[in-house]
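Worksheet for the structure shown next.
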Amino acid sequence: MLRASRLLHGALLTGAVLLALSLQANAQIYSRVDLEAEAVRLRNAVFRIYSIGIKPSLTEEEVRAASDFEFSFPFPTPDDPLMDSAATTDGRTMIMPVMSLKALEDLATAYAWLQVNNYNHSAIDLYFTMLRYRDRADFPDGRFPRLLEALGVPPDAYKTDKRVDELSLSLRNEAFAFIIAHELAHIIYRHKPINAISAEQARADEREADAFALDIMLRTNTPPLGAFLFFQAQIYNLLHPVEFGNTQEEKASVLLQMTHPLSLDRVREMIEFVEGPFARARPEETEIWSGIGSDMRQILPLMEDKDLAACVIKLAREASPDSLKPRRTVETEAMLKICRQNQ
Ligand SMILES: [Zn+2]
């Protein structure tokens, strides 16, 4: 998955060079020392989620099909992107890069902290877009900041506020569970490596893996909100449809190389699943799940809004890194409004 996504970035229509540069630098957002300090804890979380959360919900047949895989938790090489996909598999090994797990955990913490303190979440989108469009020299000390640092989230946010702790932990675990289940599907269905199949087949496999992951969420009664957050961040971390170019040929050439469905399409399918099978599966909880589905659906127009995406990109190119700080969130919102009115 990582390799394929790099291909996708290489196929960008504009700003391809900039993108490649910023992706190369992404690995340096987390130092090796920092990641080593977190690795055991993150690895144990993955083991627990798989063995206690997911495995008991598998059918005998699925357990058999997945019996010979093992986890691997590599440290990043200098050109690893930050979080374009959180994991990958080679059929026998489920590869979960420590940096992706850490980045995902930080995303959950950032979201929870902003949510609990009533700040707007748009700073997260702006951060991921800045990573793609800006040079590290634009940031303090000439290096890309970590998400929590850039957004001004206190380093001990989860220790000092129980609500942040609980929300961030459940979002993180939901995201980890979805990603493990998605990769497990590739193993169980014996999907071929993406370099051996067409991009179209790769996208079909990805959709099948997402469907399996959602079904596991349903079997384990886990809301896919953490995964929703992950895809939401990916909409800006990867390629927003607004960057596809305007002509049919440009769009077709992107599609020809894309091995993953658009994050937006994955989000749409997730919402439909929550509103449909989730809500139907437990009649006594239908109202809860319909409510979660409609909350997710409310965010969709914002994700789809091309003017808004163009505006975020404009801001990401021009705004000071300070505009990511929560005290300026109102200002960022005002800028977004101005941006939208001008278009
Ligand atoms: Zn996949």
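If packing is taken as the mean number of other Cβ atoms within 10 Å per residue, what is the order of 170-181, 120-131, highest first?
Highest to lowest by the protection proxy: 170-181, 120-131.
Work through the residues other than Ser72 whose Cβ is under 12 Å from its Cβ and net out their charges, Lys, Arg +1 and Asp, Glu -1.
-1
Place the peptides 105-115, 53-63 in order of packing, highest mean first, counting for every residue the other Cβ atoms within 10 Å and averaging per peptide. List each step's numbers first, then the result.
Values: 105-115: 23.5, 53-63: 14.0.
Descending mean neighbour count gives 105-115, 53-63.
So between Thr160 and Ile288, what do we pick up on full extension, going 0.36 nm a residue minus the alpha carbon distance?
Contour length minus the Cα-Cα distance gives 43.1 nm.
Can you pull the three principal axis extents for the Cα set of the range 72-215, in Å, largest first?
Answer, in whole Å and largest first: 44, 36, 25 Å.
Excluding Arg32 itself, calculate the net charge of residues whose Cβ lies under 15 Å from the Cβ of Arg32, where each Lys or Arg counts +1 and each Asp or Glu counts -1.
Surrounding charge for Arg32 is -2.
By per-residue mean of other Cβ atoms within 10 Å, what is the highest-first order of 64-71, 273-280?
Those peptides, ordered most packed to least, come out 273-280, 64-71.
Could you give the nm distance between label points at Ser72 and Lys337, where each point is 7 Å from its Cα heading toward the beta carbon?
5.2 nm
Can you tell me the length gained on complete extension of the stretch Glu61 to Glu149, counting 0.36 nm per residue apart and subtracting the Cα distance?
Once the chain is fully extended between Glu61 and Glu149, it gains 27.2 nm.
When Lys and Arg each count +1 and Asp and Glu each count -1, what net charge do the other residues less than 12 Å away from Leu58, Cβ to Cβ, add up to?
Local net charge: -1.
Every number here is computed from the coordinates shown, using simple stated rules; none is lab data. Just so you know, these numbers come straight off a predicted model, no measurement behind them. Methodologically, a virtual Cβ is constructed for each residue, glycine included, from the backbone with ideal geometry; neighbour enumeration extends over all protein chains shown.
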